[in-house]
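Please read the structure below before turning to the comments.
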Amino acid sequence: MMSANGDVSHTPPPSWYCWTWDGSNAAHNSNLALGVSGPDAITGYIWDAGGNNTVVGHRRWMLYPQTQIMGTGNVPTQTTTQTTNWEANATWVFDANFGGPRPGTRTPYVAWPPAGYVPYQLVYPRWSFAYPNANFTNATITMKSNGVPIAVAKETYVTGYGENTVVWVPLGLNANSYATVFPFGGTDTVYTVAISNIVGAPQSSYIYTVTVFDPAVPGADYFPPVISGPSQPSVGVSNAYTFTVVSNATSYQWRAAVCTPYNFFDGAESGLTNFTANTSGGYAVQDSSVKASGSYSFRLAHPFGDPFAPQMLTLNQVFVPLSNGTLTVKSRLGYAADGETAHIQVSTNGGAGWQDVFSQVGLGDGTTAPIESSFVTRSFSLNAFVGRPLQLRFNYNYTSGLYYIYPQGSFPIGWYLDDTTITNAELWTVQGTNATATTNFTFTPTQATNYNLQVRALIFTEFPLDWGPIKQVTAIVGPPVVVLNRLALTNNQVWLNFTLQSGTAATFKLLQADQVTGPWTTNATAVLTTNVPDVSYRYTTIPGGAARFYRVKTP
């Protein structure tokens with residue numbers, strides 16, 4: 001219903017398209033989102049930006065301790081020749097335990113962000129603290145950042161959503177826009193929160209700390225699995241490697257990847273050969289009206305009919321930056337309002353999460369002039385991602401505020417991209433991911449080339465940590481390896497069966513001695529029989545004295 005009507009309502013009227021009693025009942029019992037779906041919608045409920053969300057009601061219902069069962073449903077963007085229906089989400093938040101006994105929680109209160117370590121991506125401008133039946137009317141909130149006092153603005157106190165909750169915004173941030181992210185400088189930041197003058201709770205004041213950190217940066221107590229072993233493993237041979245233990249690991253995985261150099265350039269001349277566009281339609285992603293060079297550029301815009309959907313362009317090739325790797329893009333943000341943001345993003349986990357390397361927000365109502373009247377060359381170091389498979393995408397999205405709809409006039413609307421360049425990178429062709437319960441493995445290269453070996457630890461048998469440092473090896477073709485399999489006495493003859501385990505050999509020699517220490521002489525009368533060409537063979541000779549020892553060697 002929300003998608004079909006382009007609106008959200010907890011009490012949709014029967015006159016709405018697709019109205020049903022079940023749908024109306026679900027709307028009454030759910031958090032609702034329009035323009036986002038799936039995990040993005042859940043993030044939106046916890047974030048709770050906007051001037052109408054000062055009480056963080058969606059967050060309060062998501063974190064209500066009594067709730068044991070939730071249901072969630074999504075509709076993706078639906079585009080037809082007549083109309084576009086936006087993506088939408090409904091998350092049912094009331095179950096039979098509503099108003100029942102409150103279960104034990106990690107802390108007596110429920111806070112967001114919670115006490116302890118919190119990834120910076122999950123800290124939003126509005127902070128909250130909830131306690132059942134408490135009165136926060138006269139509560140005061142103070143905060144310190146690494147021991148330094150910071151400004152706090154208390155939101156209007158309102159009850160009636162989940163547990164009684166006080167909400168505040170630190171650092172003078174604009175909490176009414178999803179474009180506002182909580183600042184993070186890249187290093188662990190400890191925020192001390194003190195709430196006092198609480199009425200109706202076991203304590204009149206509470207103090208707790210939140211440590212905001214980057215989960216992609218290892219802590220000082222993390223020691224990655226470092227691989228030891230031959231730098232020139234032999235092709236076709238099981239080469240032994242070991243690696244250092246990782247604390248609390250239950251098992252490990254290792255992988256080998258063939259490496260080839262990679263440098264990339266795309267000026268949009270070949271259209272979407274190298275990219276995948278996830279857009280709403282209604283406009284051409286390859287554009288000839290505005291370009292930095294050549295005949296074309298790429299354009300992302302918010303089209304009429306679906307202005308709230310993210311417009312994305314993703315590079316198909318996953319690549320691995322080397323030292324001094326760079327990404328360069330010629331970018332021009334045309335007419336764009338304050339609700340529209342251009343993001344250059346990368347992902348190190350297969351697209352499960354994205355981080356900005358650059359972002360640019362439109363201004364005002366976007367009608368005075370284009371944000372940029374010409375292309376700007378933007379260059380970014382990729383040294384922070386050395387040795388990590390990387391995906392690249394351009395994301396032009398709407399958060400809240402004003403936006404510019406395409407088509408509207410002949411002037412440049414949206415975001416233009418040209419001459420995307422990647423240097424000092426390589427491609428990895430992973431030969432397979434293998435499991436090991438111990439801190440050793442054997443690697444059998446199949447060809448003489450360069451390989452990267454890596455190990456990662458698994459926690460609780462199924463949750464992998466990041467891949468450890470790369471061990472670069474160069475596989476070489478070593479000398480043939482001969483293995484004697486069986487010696488038998490048959491009809492006064494000695495049969496020596498052997499196999500060529502690796503390498504190739506055109507001829508062999510049978511050596512013999514009466515003592516294991518030698519001297520060794522060549523048996524020139526022995527007869528060589530081929531059982532399987534290039535694999536298994538047999539020497540036949542006559543017995544010697546009381547004891548005789550044999551060797552088979554290649555020239």
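The values are calculated or read from the model by the stated rules, or taken from the named source; none is laboratory data. Treat the numbers as computed from the prediction; the structure is a model and nothing was measured. We place every Cβ from the backbone using ideal geometry, glycine too, and count neighbours over all the protein chains shown.
Somewhere in region 493-508, is a residue buried (at least 17 other Cβ atoms within 10 Å of the Cβ) and within 30 Å of Thr244 (Cβ to Cβ)?
Yes - at least one qualifying residue is present in region 493-508.
Considering only residues that are at pLDDT 95 or above and either surrounded by fewer than 16 Cβ atoms within 10 Å (Cβ to Cβ) or of a type in the set (A, V, I, L, M) (or both), which ones fall in region 359-382?
Scanning region 359-382 gives Val376, Thr377, Arg378, Ser379, Phe380, Ser381, Leu382.
Taking region 158-174 on its own, how many of its residues are buried (at least 16 other Cβ atoms within 10 Å of the Cβ), in contact (Cβ under 8 Å) with a residue 40 or more places away in the chain and closer than 27 Å to Gln66 by Cβ?
Result for region 158-174: 6.
Note down all Cβ pairs under 6 Å where the first residue falls in region 366-395 and is at positive phi and of a type outside the set (Val, Ile, Thr), the second is assigned to a strand (DSSP E or B) and at pLDDT below 95, and they're at least six residues apart or on different chains.
From residues that are at positive phi and of a type outside the set (Val, Ile, Thr), the pairs are Gly366/Tyr335.
Tell me which residues, restricted to region 1-34, are in contact with a strand residue (DSSP E or B) (Cβ under 8 Å, 6 or more places away or on another chain) and among the aliphatic types (A, V, I, L, M).
Result: Met2, Ala4, Val8, Ala26, Ala27, Leu32, Ala33, Leu34.
Please find, within region 259-269, the residue that is surrounded by the fewest Cβ atoms within 10 Å (Cβ to Cβ) out of those that are modelled with pLDDT under 95 and either farther than 30 Å from Pro225 by Cα or over 22 Å from the mean Cα position of the chain (by Cα) (or both).
Going through the qualifying residues, I end up with Pro261.
In the list Ala240, Ala220, Ala201, which residue meets the criterion of being surrounded by 15 or more Cβ atoms within 10 Å (Cβ to Cβ) and among the small types (Gly, Ala, Ser)?
It is Ala201.
With respect to Tyr416, is the statement that it is under 23 Å from Leu327 (Cβ atoms), more than 19 Å from the chain's Cα centre (by Cα), buried (at least 16 other Cβ atoms within 10 Å of the Cβ) and in the same structural domain as Phe385 (by TED's automatic domain parsing) true?
For Tyr416, the condition - under 23 Å from Leu327 (Cβ atoms), more than 19 Å from the chain's Cα centre (by Cα), buried (at least 16 other Cβ atoms within 10 Å of the Cβ) and in the same structural domain as Phe385 (by TED's automatic domain parsing) - is met.
With respect to Val483, is the statement that it is of a type outside the set (Phe, Trp, Tyr) and loosely packed, with under 14 Cβ neighbours inside 10 Å true?
Considered against the rule, which asks whether it is of a type outside the set (Phe, Trp, Tyr) and loosely packed, with under 14 Cβ neighbours inside 10 Å, Val483 comes out as yes.
Among (1) modelled with pLDDT of 95 or more; (2) on the phi < 0 side of the Ramachandran plot, where does Val56 come up short?
All conditions pass for Val56, except number (2).
Please state which one of Asn5, Asn25 is crowded, with 18+ Cβ neighbours inside 10 Å, over 24 Å from Val56 (Cβ atoms) and within 37 Å of the chain's Cα centre (by Cα).
Asn5
State which residue is nearest to Ile141 (Cα to Cα) when the search covers only region 181-194 and only residues that are in contact with a Ser or Thr (Cβ under 6 Å, 6 or more places away or on another chain) and aliphatic (A, V, I, L, M).
The extreme case among them is Ala194.
Just to be sure, is Tyr124 within 19 Å of Ala153 (Cα to Cα), surrounded by 20 or more Cβ atoms within 10 Å (Cβ to Cβ) and hydroxyl-bearing (Ser, Thr, Tyr)?
Here the answer is yes, as Tyr124 does meet what is asked.
Quick check: is even one residue across region 244-258 closer than 23 Å to Asn424 by Cα and among the β-branched types (Val, Ile, Thr)?
yes
Residue check: is Ala194 of a type outside the set (Ser, Thr, Tyr), closer than 19 Å to Ala49 by Cβ and assigned to a strand (DSSP E or B)?
No: the conditions fail for Ala194.
Quick one: in region 284-322, which of the residues that are at pLDDT 95 or above and of a type in the set (Phe, Trp, Tyr) is nearest to the chain's Cα centre (by Cα)?
Among residues in region 284-322 that are at pLDDT 95 or above and of a type in the set (Phe, Trp, Tyr), the one nearest to the chain's Cα centre (by Cα) is Phe319.
State yes or no: is Arg60 of a type in the set (Lys, Arg) and under 30 Å from the mean Cα position of the chain (by Cα)?
Considered against the rule, which asks whether it is of a type in the set (Lys, Arg) and under 30 Å from the mean Cα position of the chain (by Cα), Arg60 comes out as yes.
Which of the residues spanning region 476-505 are assigned to a loop (DSSP other than H, G, I, E, B) and either out of contact with any Pro (no Cβ under 6 Å at 6 or more places or on another chain) or in the same structural domain as Phe243 (by TED's automatic domain parsing) (or both)?
Selection gives Val477, Gly478, Pro479, Pro480, Asn491, Asn492, Thr504.
Which one of the conditions (1) part of a loop (DSSP other than H, G, I, E, B); (2) of a type in the set (A, V, I, L, M); (3) touching a Leu at 6+ places or on another chain (Cβ under 7 Å) does Ala216 fail to meet, given that it meets all the rest?
It is condition (3) that Ala216 fails.
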